[in-house]
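Read-outs: derived from the displayed coordinates by stated rules, not from any lab. Please read all numbers here as calculations on a predicted model, not as lab measurements. Neighbour counts run over all protein chains shown; Cβ positions are idealised from the backbone, glycine included.
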Amino acid sequence: MGSFLAAAVQLTSTPDPDANFAAAEEQIELAARRGAELVGLPENFAFMGDDALRLELAPSLCERCSSFLVTMARRYQVALVGGGFPVPAGDGLTSNRAELVDREGEILARYDKIHLFDVDLPDGITYRESATVQPGEALPPVVDVPGLGRIGLSICYDVRFPELYRHLAARGADVFMVPAAFTAFTGKDHWQVLLQARAIENTAYVIAPAQTGVNYGRRQTHGHALVIDPWGTVLADAGVLPGLAVAPIDSGHGQRVRAQMPSLQHRRPGLFLAG
């Protein structure tokens with residue numbers, strides 16, 4: 001891993017998959033034109049709508065999503081992370097899956113979201129992801145992508161669980177992918193600070209693609225797709241409109257930060273496990 005540009009895509013996905021795929025390709029092409037070699041799409045990039053329609057579309061949509069990622073990676077010669085699309089899981093449930101595809105179109109890793117968003121927010125909106133989504137049972141993977149370093153996968157609500165990112169760091173991840181559809185209500189207070197915390201405590205880069213704006217009905221997402229360095233510095237912020245956050249990922253900088261702040265080496269997990 002040397003230095004390369006990474007892009008976190010920001011979309012306002014809707015219940016219309018065709019429009020969503022077109023919007024995603026537009027941003028992937030723009031990212032590639034700017035020189036990005038690693039591009040991340042947000043959670044629910046192909047569909048954001050009500051649960052009943054998602055379940056209905058899932059059998060065909062999962063195949064379209066995977067095929068789309070492979071085609072886009074080959075067409076624009078980028079490594080691509082598609083962060084969260086529905087995959088039928090039986091019994092009226094879907095998995096929420098992310099895939100990492102290299103520039104040749106090979107699927108290097110899959111991850112099914114393990115932490116589900118079941119929350120009653122003070123703004124009166126209730127979320128019950130577990131009502132229609134089956135949690136993954138496998139820990140997220142870390143993949144060595146030639147020229148881009150070791151990349152660890154996660155999805156949205158995972159960011160509130162620091163042990164997941166410690167797992168990724170322990171397996172040598174240089175970069176955390178955190179594709180999300182963070183709510184507007186929680187995002188204003190928690191989105192950036194949580195991502196910075198995960199970067200700082202693990203001295204790793206964080207690439208966080210995001211949904212933004214009004215997606216459907218009352219569902220409004222926060223935006224602010226981010227690229228954050230291992231010191232916790234925000235290198236790029238996409239704001240609140242569809243677009244890109246593009247910034248350099250520099251292994252030399254990451255190594256310097258880890259040398260200056262070797263907190264990963266100072267861990268004493270045995271003491272906690274003994275308790």
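A few comments on the model shown:
- Protection proxy ranking for 121-129, 215-223, using the average of other Cβ atoms within 10 Å per residue and placing the highest first: 215-223, 121-129.
- For segment 121-187, the spherically averaged projection of the C-alpha convex hull amounts to 5.7 nm².
- Based on Cα contacts under 8 Å between residues 6+ apart, segment 1-116 shows a relative contact order of 23 percent.
- Between segment 191-215 and segment 219-265, the Cα center-to-center distance that results, in Å: 7
- Counting only the Cα atoms, segment 160-210 fills a convex hull of 64 Å³ per residue.
- HN-Hα J in Hz across segment 77-84 - Karplus 6.51, -1.76, 1.60, θ = phi - 60°, x for Gly and Pro: 6, 10, 7, 9, 10, x, x, x
- Shape box of segment 116-271 [Cα atoms, principal axes, largest first, Å]: 47, 36, 28
- GNM result for the chain, Cα springs below 10 Å: residue of 237, 16, 102 fluctuating most strongly: 16
- Quick note on segment 3-274: its Rg to Rh ratio, both from C-alpha atoms and Rh being the Kirkwood radius, is 0.95.
- Size of electric dipole in segment 105-214: Cβ of Lys, Arg +1 and of Asp, Glu -1, about Cα centre, debye, nearest 20: 160
- Principal axis box of segment 184-264, alpha-carbon based, largest edge first, Å: 48, 21, 12
- Exposure proxy ranking, count of Cβ atoms within 10 Å, fewest first, for 177, 48, 261: 261, 48, 177
- Ordering 173, 69, 140 by the projection of their Cα atoms onto the charge dipole of the chain, which places +1 on the Cβ of Lys and Arg and -1 on the Cβ of Asp and Glu, puts 173 at the extreme positive end.
- Relative contact order of segment 3-274, taken over Cα pairs closer than 8 Å and 6 or more residues apart, is 20 percent.
- With q set to 0.16, 0.25 Å⁻¹, the log10 of I(q)/I(0) for segment 234-275, from the Debye formula over equal scatterers at the Cα positions, is -0.67, -0.87.
- For the chain, the 222 nm mean residue ellipticity estimated from helices alone, with every DSSP H stretch of n ≥ 4 adding -39500 (n - 2.57) and the total spread over all residues, rounds to -10500 deg cm²/dmol.
- Length-normalised contact order for segment 176-275 - Cα pairs under 8 Å, 6+ apart - percent: 24
- Charge dipole (segment 3-274, unit charges on Cβ, about Cα centre) - positive-most of 98, 252, 85: 252
- Around the Cα centre of segment 34-91, unit charges on the Cβ atoms of Lys, Arg, Asp and Glu (plus for the first two, minus for the last two) sum to a dipole of about 440 debye.
- Electrostatic dipole magnitude of the chain [Cβ: Lys, Arg +1; Asp, Glu -1; Cα centre; debye, to 20]: 780
- One quarter of the surface of the convex hull around the alpha-carbon atoms of segment 67-121 equals 5.0 nm², the direction-averaged projected area.
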